[in-house]
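**Q** Handing you this structure, nothing more for now.
The values are calculated or read from the model by the stated rules, or taken from the named source; none is laboratory data. Model, not experiment: these values are computed from the prediction. Methodologically, a virtual Cβ is constructed for each residue, glycine included, from the backbone with ideal geometry; neighbour enumeration extends over all protein chains shown.
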Amino acid sequence: MIENVQTNKMSLKEEIDLKRLPVHIAIIMDGNGRWAQKNGMERFMGHQEGVVSVRKVVEAAGQLGIKYLTVYTFSTENWSRPQEEVDALMALMVMAVQRETKDLMANNVRLRTIGDIDRLPALTRRELDACIEETKDNTGLALILALSYSSKREMTEAVKKIAQEVKDGTLAVSQIDETIISRHLFTKDIPDPDLLIRTGGEFRISNYLLWQSAYSELYFTDTYWPDFREENLYAAIVDYQKRERRFGKTGEQIQLKNN
């Protein structure tokens, strides 16, 4: 669904039914570089402005009562970008975590990460670990950064762990089901996303939460991530609430269940 953000003075927030919020929203934050190029800036400036969007969306989601927000911060494939850009992104991450930790605490947000975190530079890992430790007792929104993340690799590693357990005799082949597989993913204690948003005008999932998003509602917008703000998030949630989630059942079955 392509986004249609209202331009009148009334906020789309007023249209949101707080009793039917998505529990978990996942976002593919795309378009930083193209936003910068469009505005005659270096690509790095797009990433800097993208941090502002993260802050605004985190605050808005937390105020609404969203429980989980997962953002695709850096993919495994992103390591193949020019080294100068990768280094700049890692440095920006350090600065962003240092600067935003205070706001996360003020907004009762708990930080988490998923992905191949050991591949990150030592300084980046230290800053992330410090923020995770400082915010661990917060009880509001859980902000999950997908860092050095690949869904295919996540599932591959899960298969290896399950195979090892079978080999060790602690798990029978007959016991392997969807629940067992989910328990071996990075997101083992996080509910699957109800709503997956992608910015930047692309229509693909790009190796992101492939298992977890099997029944997610997908929402695509042409808006570049640095321009994505609170009203854009509200528009996505309003659109989500207009949909009927059937999970393979008929509309009649869903209506009977809800009545």
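**Q** With respect to Asp227, is the statement that it is within 11 Å of Thr199 (Cα to Cα) and either crowded, with 17+ Cβ neighbours inside 10 Å or at pLDDT 65 or above (or both) true?
**A** yes
**Q** Filter the stretch 193-218 down to the residues that are crowded, with 18+ Cβ neighbours inside 10 Å and either in a loop (DSSP other than H, G, I, E, B) or at pLDDT below 95 (or both) and list them by number.
**A** Pro193, Asp194, Thr199, Gly200, Tyr208, Leu209, Gln212, Ser213, Ser216
**Q** Show me the strands (runs of 3 or more DSSP E) found entirely inside the stretch 61-178 where at least 2 residues are of a type outside the set (Val, Ile, Thr) and in contact (Cβ under 8 Å) with a residue 60 or more places away in the chain.
**A** 68-75, 142-149
**Q** Here is a further query. With the structure loaded, tell me whether Ala88 is modelled with pLDDT under 95, surrounded by 15 or more Cβ atoms within 10 Å (Cβ to Cβ) and of a type in the set (A, V, I, L, M, F, W, C) or whether it fails that test.
**A** So Ala88 fits the description; yes.
**Q** Let me ask another. Just need a number here: residues in the stretch 34-73 that are buried (at least 22 other Cβ atoms within 10 Å of the Cβ), over 12 Å from the mean Cα position of the chain (by Cα) and closer than 21 Å to Ala91 by Cβ.
**A** 4
**Q** Test Asp103 against the stated conditions and say whether it is at negative phi, acidic (Asp, Glu), in contact with a Lys or Arg (Cβ under 7 Å, 6 or more places away or on another chain) and surrounded by fewer than 17 Cβ atoms within 10 Å (Cβ to Cβ).
**A** The answer is yes for Asp103.
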